[in-house]
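Inspection log for the structure reproduced underneath, given as structure tokens.
The values are calculated or read from the model by the stated rules, or taken from the named source; none is laboratory data. Because the structure is a prediction, the values reported are computed rather than measured. Glycine gets a Cβ as well: all are built from the backbone with ideal geometry, and neighbour counts include every protein chain shown.
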Amino acid sequence: MNTLTSVSSLSIGEFFTLLGNPLVLISIILSLGVVFVNGWTDSPNSVATAISTRAISARKAVILSAIFNLIGCVVFSLFSVNVAQSVFNIVHFDTLDSVSYASSALFALIGALIAVIAWGVLCWAFGIPSSQSHSLVAGLTGGVLALMVKGIAASVGGSSWMDVGIGFFASGGMGLLLGLLVTKLIQLICKRMSRYKTTVFFKRAQIAAACGMSVAHGAQDGIKFVGLIYMVLFLGAKTMPSTSMNLVASISPFYLTPNFLYLPILVGLVIALGTSIGGYRIIKKVGMGMVALEPYEGFVTDISAFIALLVSTLFGWPVSTGQVKTFSIIGVGVTKGINKVNWRNARDMVLGCIFTFPACIAIGFGITILLLFIPV
């Protein structure tokens, strides 16, 4: 069972040795595919409102988002990997003492990753921000349920699922409440100030806040994908008992294990690549389709979501950046009047988060069942 033990490390040379196992290679490729889809569909939420208020052009915003996502992923890996550990503990593989069992576990992981990618692309096609956090949790759960149905010893991590539940409500609540309160505070402070001067100030401040949101996204989503890839390597090492590789079930801050620093760098680069290539459809839905925002209101949504994401990351709660941003926008929007919020778009995004769980559990379960028929 996955329990916290001592620190381990894996050199780049050993990493490529593990890629000699076809299941590990496929799992790594799919993992990076999930990371790319995240950069493509979820990362743009970080800069959507800055673009909608014309604080910055879409092209410049996407470039900044790509850069600061990379920074957030790498920097936070040096001192806080609680989210990665939560992802690692979503599922438990109970008896990893045989190559056959470890291979079956990798099949479950592959099924989960296919579910995440399929759901992410489907949501993108409809312009709905998808949560790779929730789809990953659900996909892994579906894969492990398939193992259990086939009589293979495995279980779902209740404590990590609890972290997901707490994060879902706490991060959304924080985003909503902060959006409401900070908007009222700024309106009170700036009541007698020049409208022109405050607009200029908040346009500049919003660029900084959007960069902060991108850092927080890299720290939250980037680090959780580091945990995912670590899980692949952990299982891969179990399929090669003849080697000296013996990874443990504890993911430690990477300053303690410098041989692992290439993982957050790799993840951050792939998120940045996905962000730079796609995402404009999501930007339109989040930044322009929810509620008309002024520059100071755009600043509030970004700073509120940034705080909610940062708190969630430090507590190890895997959360959805899109969900947090959506609730912070709603919090700002209701200060203008309930009828000023496009509740249809808000509803679509919330329903997208809710339906992610059953959809990805079902897809992960079905694909894993099919994969388990492949002889190993």
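Can you find even one residue in the range 323-338 that is surrounded by fewer than 23 Cβ atoms within 10 Å (Cβ to Cβ), modelled with pLDDT under 85 and assigned to a helix (DSSP H, G or I)? Yes, the range 323-338 contains at least one residue that is surrounded by fewer than 23 Cβ atoms within 10 Å (Cβ to Cβ), modelled with pLDDT under 85 and assigned to a helix (DSSP H, G or I).
Scanning the range 45-62 for residues that are in contact (Cβ under 8 Å) with a residue 60 or more places away in the chain, farther than 18 Å from Ser304 by Cβ and out of contact with any Ser or Thr (no Cβ under 7 Å at 6 or more places or on another chain) yields Arg54, Ile56, Ala58, Ala61. Within the range 178-196, track down each residue that is part of a helix (DSSP H, G or I) and under 17 Å from Leu293 (Cα atoms). Matches in the range 178-196: Leu178, Gly179, Leu180, Leu181, Val182, Thr183, Lys184, Leu185, Ile186, Gln187, Arg195, Tyr196. Does Ala308 qualify as being closer than 26 Å to Ala125 by Cα and part of a helix (DSSP H, G or I)? So Ala308 does not fit the description; no.
Of the residues making up the range 155-164, those that are touching a strand residue (DSSP E or B) at 6+ places or on another chain (Cβ under 9 Å) and at pLDDT 85 or above number 2.
For the range 78-100, what are the residues that are among the hydroxyl-bearing types (Ser, Thr, Tyr) and either under 14 Å from Ser133 (Cα atoms) or at pLDDT 90 or above (or both)? Across the range 78-100, the qualifying residue is only Ser86.
Considering Ile51, Ile63, which residue is assigned to a helix (DSSP H, G or I), among the aliphatic types (A, V, I, L, M) and surrounded by fewer than 21 Cβ atoms within 10 Å (Cβ to Cβ)? Spell out how you get there, then give the answer.
Values: Ile51 fails: surrounded by fewer than 21 Cβ atoms within 10 Å (Cβ to Cβ).
Result: Ile63 is the single residue among Ile51, Ile63 that is assigned to a helix (DSSP H, G or I), among the aliphatic types (A, V, I, L, M) and surrounded by fewer than 21 Cβ atoms within 10 Å (Cβ to Cβ).
Only one entry of Thr183, Thr141 meets the criterion of being at pLDDT 90 or above, polar (S, T, N, Q) and more than 20 Å from Gly352 (Cα to Cα), and that entry is Thr183.
The set of residues in the range 265-315 being among the small types (Gly, Ala, Ser) and at pLDDT 90 or above consists of Gly268, Ser304, Ala305, Ala308, Ser312. Looking only at the range 66-85, which residues are surrounded by fewer than 24 Cβ atoms within 10 Å (Cβ to Cβ), out of contact with any Phe, Trp or Tyr (no Cβ under 8 Å at 6 or more places or on another chain) and of a type outside the set (A, V, I, L, M, F, W, C)? Those that are surrounded by fewer than 24 Cβ atoms within 10 Å (Cβ to Cβ), out of contact with any Phe, Trp or Tyr (no Cβ under 8 Å at 6 or more places or on another chain) and of a type outside the set (A, V, I, L, M, F, W, C): Ser80, Gln85. Here Phe107 passes the criteria (1) more than 24 Å from the chain's Cα centre (by Cα); (2) under 30 Å from Pro358 (Cβ atoms) except the one numbered (1).
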